[in-house]
1. Of everything in segment 79-126 that's assigned to a loop (DSSP other than H, G, I, E, B) and under 18 Å from the mean Cα position of the chain (by Cα), which residue is nearest to ALA173 (Cα to Cα)?
2. Check off (1) out of contact with any His (no Cβ under 6 Å at 6 or more places or on another chain); (2) touching a residue at least 24 places away in the same chain (Cβ under 8 Å); (3) open to solvent by less than 30 Å² (accessible area, probe 1.4 Å) for THR95 and give me the number that stays unchecked.
3. In this structure, is THR114 touching a residue at least 40 places away in the same chain (Cβ under 8 Å), among the polar types (S, T, N, Q) and in contact with a strand residue (DSSP E or B) (Cβ under 9 Å, 6 or more places away or on another chain)?
4. Looking at segment 132-156, I want the residues that are surrounded by fewer than 18 Cβ atoms within 10 Å (Cβ to Cβ) and have a partner that is part of a helix (DSSP H, G or I) with Cβ atoms under 8 Å, at least 6 apart or on another chain. Which pairs are those?
5. Mind checking which pairs have a first residue in segment 59-70 that is touching a residue at least 12 places away in the same chain (Cβ under 8 Å) and a second that is open to solvent by less than 50 Å² (accessible area, probe 1.4 Å) and in a loop (DSSP other than H, G, I, E, B), Cβ under 8 Å, 6 or more apart or different chains?
6. Among the residues of segment 152-194, how many are in a helix (DSSP H, G or I) and either under 19 Å from GLU110 (Cα atoms) or of a type in the set (A, V, I, L, M, F, W, C) (or both)?
7. Which ones in segment 98-119 are buried (at least 19 other Cβ atoms within 10 Å of the Cβ) and more than 23 Å from ALA154 (Cα to Cα)?
8. Kindly provide the set of residues from segment 168-194 that are out of contact with any Asp or Glu (no Cβ under 7 Å at 6 or more places or on another chain) and within 16 Å of ARG100 (Cβ to Cβ), ordered by number.
Amino acid sequence: MQRRLVISVGSGERETRAMHRKPVHSENEDASFRARKRTRFVVVALLILVCSTISAFANPTVQTRWATYAITGTTVDTILKQMRVNGPNQFWAYTRWYVRWTASCQVSLEINYTIPKHTRRGAMPAQTRIAWDQMIAALRAHEEQHGVHGMNAARELVQKRCRNGNAIVQKWAEQDRIFDRVTGHGRTEGVTFP
């Protein structure tokens, strides 16, 4: 017997104003610093490769999908209207995770993210584009945290050998709701535009 529970959460339903600055790196970094950065990159890439190979045989199995919906507006008002109208379930972004398990406690997790993608970034005024990029980075991080809740549910199911599976999944679904309530669907994390 296979069980399935669907959890859906959304972000960014209101407009507020926030600006964040990205760190600026010097273009005059010395050669040894660049070499250390390359070495770190190679090490991290190898770790990711090894971990992804190992995880192919792990329980739970995880499948992640990212989808986008198009935004074409170049003014703040147009972009906000398009996100309200075209966004999933009337949110700017949405994460849906599915946890399934079998009688032998083979657990699988599917995480589906939907976020906006601006198809005409170059046509936006510079200030609008900066605000957009900052909002998208914060929105993506917020939605990924919802995915972490799904992963936590799947891992706890495995740890507890799928006993009380529905209660475990409901516990993590409640964490999604609390997370959205505490962050105002991401607003306190920078999910604001402009």
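1. Within segment 79-126, the match that is nearest to ALA173 (Cα to Cα) is PHE91.
2. Of the numbered conditions (1) out of contact with any His (no Cβ under 6 Å at 6 or more places or on another chain); (2) touching a residue at least 24 places away in the same chain (Cβ under 8 Å); (3) open to solvent by less than 30 Å² (accessible area, probe 1.4 Å), the odd one out for THR95 is (1).
3. The answer is yes for THR114.
4. ALA141/GLU189; ASN152/TRP172; ASN152/GLN175
5. ASN59/CYS105; TYR69/GLY87
6. The initial filter retains those residues of segment 152-194 that are in a helix (DSSP H, G or I), namely 152-159, 165-183, 187-189.
This time we only want the ones that are either under 19 Å from GLU110 (Cα atoms) or of a type in the set (A, V, I, L, M, F, W, C) (or both), so: 152-159, 165-179, 182.
Adding up the residues that qualify gives 24.
7. Correct list: ILE115, PRO116, HIS118.
8. Selection gives VAL169, GLN170, TRP172, ALA173.
The values are calculated or read from the model by the stated rules, or taken from the named source; none is laboratory data. These numbers come from a predicted model, not from an experiment. Glycine gets a Cβ as well: all are built from the backbone with ideal geometry, and neighbour counts include every protein chain shown. Side chains are part of the model used for accessible areas, which takes the heavy atoms of the whole protein and leaves out ligands, DNA and RNA. Shrake-Rupley method; radii C 1.70, N 1.55, O 1.52, S 1.80 Å.
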